[in-house]
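Let me begin by presenting the structure, written as structure tokens, before commenting on it.
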Amino acid sequence: MKPKLLSSFGLLAVVGLLLLAGCSAEPVTPSTPASRDYMTARVKGTISEFISTKPKIKKLIDSAYGYAVLPSVGSGALIIGGAQGRGQVFERGRLIGYCKMSSASIGAQIGGQSYSELILFQNAATLAAFKEGETTFDAQASAVVAASGSGTAANYVRGVLVYVLPLQGFMAQAAIGGQHFTFAPLLSN
């Protein structure tokens, strides 16, 4: 890689890590009605984008016991990396709460990227494990890229199926790291 290109990726990674560090104190649940409405609109748009990119996803969403949608996950790395995103969680198609994903990794990696993530839960037990914070996995190892024309077959692994939709950026990595989720139920009025 050319030195100028390498330094550009390094700068992007450092900026991404600083942004992620600044967002880490952000609560799981949006704090105002306007921010909740904004997230709802983004989640609906993200679901539409997944379906328009790969129409078979609609059938998977409809048949899943539950699902989580993270409209934008930002990640950055320069040897040490991190990612973070927030979204909504649904059970049988009904909004039940919010989630926050965070991850950390270390290894040969550089760059920054953003992507949307759709996590499908096959049954009540896998959704319950997610809500209890027991779902941790490496998205790169268990995700299917929802690319138009992609012929990759999707199968549940331990009751969970993950799709990612790249939004922007580039990241080269061979890293060890995992995603961890925090769930917050809807508050009763």
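The values are calculated or read from the model by the stated rules, or taken from the named source; none is laboratory data. Everything quoted here is computed from the prediction, not taken from an experiment. All Cβ positions, glycine included, derive from the backbone under ideal geometry; neighbour counts span all protein chains shown.
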Item checked: Residues satisfying the stated conditions in region 46-80, i.e. closer than 25 Å to PRO185 by Cβ, small (Gly, Ala, Ser) and loosely packed, with under 13 Cβ neighbours inside 10 Å -> SER63
Notebook entry, point to check: Can you tell me which residues in region 42-56 are small (Gly, Ala, Ser) and either under 10 Å from SER116 (Cα atoms) or touching a residue at least 12 places away in the same chain (Cβ under 8 Å) (or both)?
Noted result: GLY45
Check: Do any residues in region 151-173 that are under 25 Å from ILE80 (Cβ atoms) and assigned to a strand (DSSP E or B) have Cβ atoms under 6 Å from those of residues that are at pLDDT 80 or above and among the charged types (D, E, K, R), where the two are at least six apart or on different chains, and which pairs are they?
Finding: VAL164/GLU117
Next item on the list: Take region 48-66 and flag every residue that is among the charged types (D, E, K, R) and under 17 Å from ASN155 (Cα atoms).
Entry: LYS54, LYS56, LYS58, LYS59, ASP62
Notebook entry, point to check: What is the number of the single condition among (1) under 16 Å from the mean Cα position of the chain (by Cα); (2) modelled with pLDDT of 65 or more; (3) farther than 22 Å from GLU49 by Cβ that ASP138 does not meet?
Noted result: (2)
Notebook entry, point to check: Any residue at all in region 81-93 that is among the acidic types (Asp, Glu), farther than 22 Å from TYR163 by Cα and either at pLDDT 85 or above or surrounded by 12 or more Cβ atoms within 10 Å (Cβ to Cβ) (or both)?
Noted result: no
